[in-house]
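K.L.:
Sharing a structure here in C-alpha cells format.
The values are calculated or read from the model by the stated rules, or taken from the named source; none is laboratory data. In this text, all values refer to a predicted model and were calculated from it rather than measured experimentally. Please note: Cβ atoms are built from the backbone with ideal geometry, for glycine as well, and neighbour counts cover all protein chains shown.
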Amino acid sequence: MSQQIAVVTGAGTGVGRAVALELAAAGWQLALAGRRAEPLHETAALAGASSTAPAAVIPTDVTDPAAVDALFAEVAERYGRIDLLFNNAGTFGAPVPLEELSYQDWRSVVDLNLTGAFLCAQAAFRQMKGQHPQGGRIINNGSISAQVPRPQSIAYTATKHAVSGLTKSLSLDGRPYRIACGQIDIGNAATDMTAAMSTGVRQADGRIAVEPTMDVADVARTVLHMAGLPLEANIQSVTVLATTMPYVGRG
C-alpha cells in the first residue's frame, strides 16, 4: 500500500479539521465527513496545500445508520480499504441545570456523541475485518469529561463516559482481526467549541472563571502519533490538556 486511508468525522471544524490537516501533511489520504458540506470543502482545500491527493468530501449525518453505511461504502469503493477512523463528531449540548434539561436535548447529545460514534465504529470495524490485509485502527475522541464532569453537563458527561466503554469493547473485540482501538481525552483545546473558556465558564464551586487553553495542533500531533503506530502497538488511552486547566484537583 502506497498510501493509508483515514476517515475523519466532524472534519469541518475544530479538532476534526486540525487532525485532518496533520494527517494530510503526513501523507494520509483523507475522507472527510460531517453534516455541513461547506466547512468540509474548506478543510479539503486547506489539506490540499500539503497533500498530493485531494481529500474526499462526504457530507454525512453520523446519527443516521443509512448515511453512515453510505459513507463507509463510498470510502471502500474509492480506496479499497480503511486504515484509520478518527471518531470525532460530537456536541456539548445545552449547559442548563439538570432538572431543566429537555428530553430532546438529552437525546440529541446521546444520538451524536454515543450512537453516532458506535455507528461509525461498527461500520469501520466491519470493513477492517473484511479487507485484505486485515485490520486497522479506530481512535475515539473522548474528553476530560470521560473522567471528571463539569457542572451542568450530564448528557455530555454520560456520553463521554460511555465512549470509554465503547473504546474498551472495540479494543477487545478487535484483537482477533488486527483492529486496534484507542481513545484521546482532550482538555481545553482552543477551538470554536471552547471559545467560552476565554470569557469564563462555571466551576464546581459555582464561580465563573476563565480557563487556560492549548493549541489544537498539539492534539492533532498526538492523534498522528497514535495513528502512526504499527498495529502490534496501541495507545489505549491518552489525556492531552492545557497544563494549568482545572483538572487535577478540579474545583
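K.L.:
Output the residue which, of all residues in segment 230-243 that are farther than 19 Å from K160 by Cα and in contact (Cβ under 8 Å) with a residue 60 or more places away in the chain, is farthest from the chain's Cα centre (by Cα).
P.N.:
Checked segment 230-243; the qualifying residue farthest from the chain's Cα centre (by Cα) is L231.
K.L.:
When both residues are 6+ apart or on different chains and their Cβ atoms are under 6 Å apart, which pairs have a first residue that lies in segment 130-155 and is farther than 18 Å from N113 by Cβ and touching a residue at least 12 places away in the same chain (Cβ under 8 Å), and a second that is buried (at least 17 other Cβ atoms within 10 Å of the Cβ) and β-branched (V, I, T)?
P.N.:
G135/I179; G136/I82; G136/I179
K.L.:
Can you pull out every residue in segment 21-39 that is more than 15 Å from the chain's Cα centre (by Cα) and more than 20 Å from A227 (Cβ to Cβ)?
P.N.:
Taking segment 21-39 first, the residues more than 15 Å from the chain's Cα centre (by Cα) are 24-29, 36-39.
Answer for segment 21-39, where residues must be more than 15 Å from the chain's Cα centre (by Cα) and more than 20 Å from A227 (Cβ to Cβ): R36, A37, E38, P39.
K.L.:
Give me the residue from segment 79-96 that is more than 18 Å from the chain's Cα centre (by Cα) and not hydrophobic (A, V, I, L, M, F, W, C) and, out of that set, modelled with the lowest pLDDT. If you could, list the steps in order and put the result at the bottom.
P.N.:
Step one: filter segment 79-96 for residues more than 18 Å from the chain's Cα centre (by Cα), giving 79-81, 94-96.
Then drop every residue that is not not hydrophobic (A, V, I, L, M, F, W, C), which leaves 79-81, 95.
Numbers: Y79: 95, G80: 95, R81: 97, P95: 91.
Ranking the candidates gives P95 first.
K.L.:
So, in segment 124-155, of the ones that are part of a helix (DSSP H, G or I) and in contact with a helix residue (DSSP H, G or I) (Cβ under 6 Å, 6 or more places away or on another chain), which residue ends up farthest from W106 (Cα to Cα)? Steps first, answer last, please.
P.N.:
Step one: filter segment 124-155 for residues part of a helix (DSSP H, G or I), giving 124-130, 144-146, 154-155.
Then keep just the ones that are in contact with a helix residue (DSSP H, G or I) (Cβ under 6 Å, 6 or more places away or on another chain); that gives 127, 129, 145-146, 154-155.
Numbers: Q127: 31, K129: 33, S145: 16, A146: 17, I154: 9, A155: 6 Å.
If we take residues in segment 124-155 being part of a helix (DSSP H, G or I) and in contact with a helix residue (DSSP H, G or I) (Cβ under 6 Å, 6 or more places away or on another chain), then K129 is farthest from W106 (Cα to Cα).
To keep it simple, each residue is scored yes or no on (1) within 22 Å of D205 (Cα to Cα); (2) surrounded by 19 or more Cβ atoms within 10 Å (Cβ to Cβ); (3) in contact with an Asp or Glu (Cβ under 7 Å, 6 or more places away or on another chain).
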{"residue": "C120", "(1), (2), (3)": "no, yes, no"}
{"residue": "M128", "(1), (2), (3)": "no, yes, no"}
{"residue": "Q131", "(1), (2), (3)": "no, no, no"}
{"residue": "N140", "(1), (2), (3)": "no, yes, no"}
{"residue": "P151", "(1), (2), (3)": "yes, no, no"}
{"residue": "K168", "(1), (2), (3)": "no, no, no"}
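K.L.:
When you scan segment 163-205, how many residues do you find that are out of contact with any Cys (no Cβ under 8 Å at 6 or more places or on another chain), in contact (Cβ under 8 Å) with a residue 24 or more places away in the chain and in a loop (DSSP other than H, G, I, E, B)?
P.N.:
7
K.L.:
Say whether the condition of being under 20 Å from L231 (Cα atoms) and touching a residue at least 24 places away in the same chain (Cβ under 8 Å) is met by at least one residue in segment 9-20. Reasoning before the result, please.
P.N.:
Looking only at segment 9-20, we keep the residues that are under 20 Å from L231 (Cα atoms), and these are 19.
Next cut, touching a residue at least 24 places away in the same chain (Cβ under 8 Å) only: 19.
Within segment 9-20, one or more residues are under 20 Å from L231 (Cα atoms) and touching a residue at least 24 places away in the same chain (Cβ under 8 Å).
K.L.:
Test each condition in (1) touching a helix residue (DSSP H, G or I) at 6+ places or on another chain (Cβ under 9 Å); (2) of a type in the set (D, E); (3) farther than 20 Å from C181 by Cα for D83 and report the one that comes out false.
P.N.:
Unmet condition: (3).
K.L.:
Just name the residue that is modelled with the highest pLDDT out of those in segment 226-251 that are within 22 Å of V148 (Cβ to Cβ), crowded, with 17+ Cβ neighbours inside 10 Å and of a type in the set (G, A, S).
P.N.:
Out of the qualifying residues, it is S237.
K.L.:
For the condition among the aromatic types (F, W, Y) and within 22 Å of L170 (Cα to Cα), what is the one hit in F92, F125?
P.N.:
Numbers: F92 fails: within 22 Å of L170 (Cα to Cα).
After applying the criteria, what remains is F125.
K.L.:
Follow-up. Which one of A76, A47 is over 17 Å from the mean Cα position of the chain (by Cα), under 15 Å from Q127 (Cβ atoms) and of a type outside the set (K, R)? Step through it out loud before you land on a result.
P.N.:
Details: A47 fails: under 15 Å from Q127 (Cβ atoms).
Selected residue: A76, the only one of A76, A47 that is over 17 Å from the mean Cα position of the chain (by Cα), under 15 Å from Q127 (Cβ atoms) and of a type outside the set (K, R).
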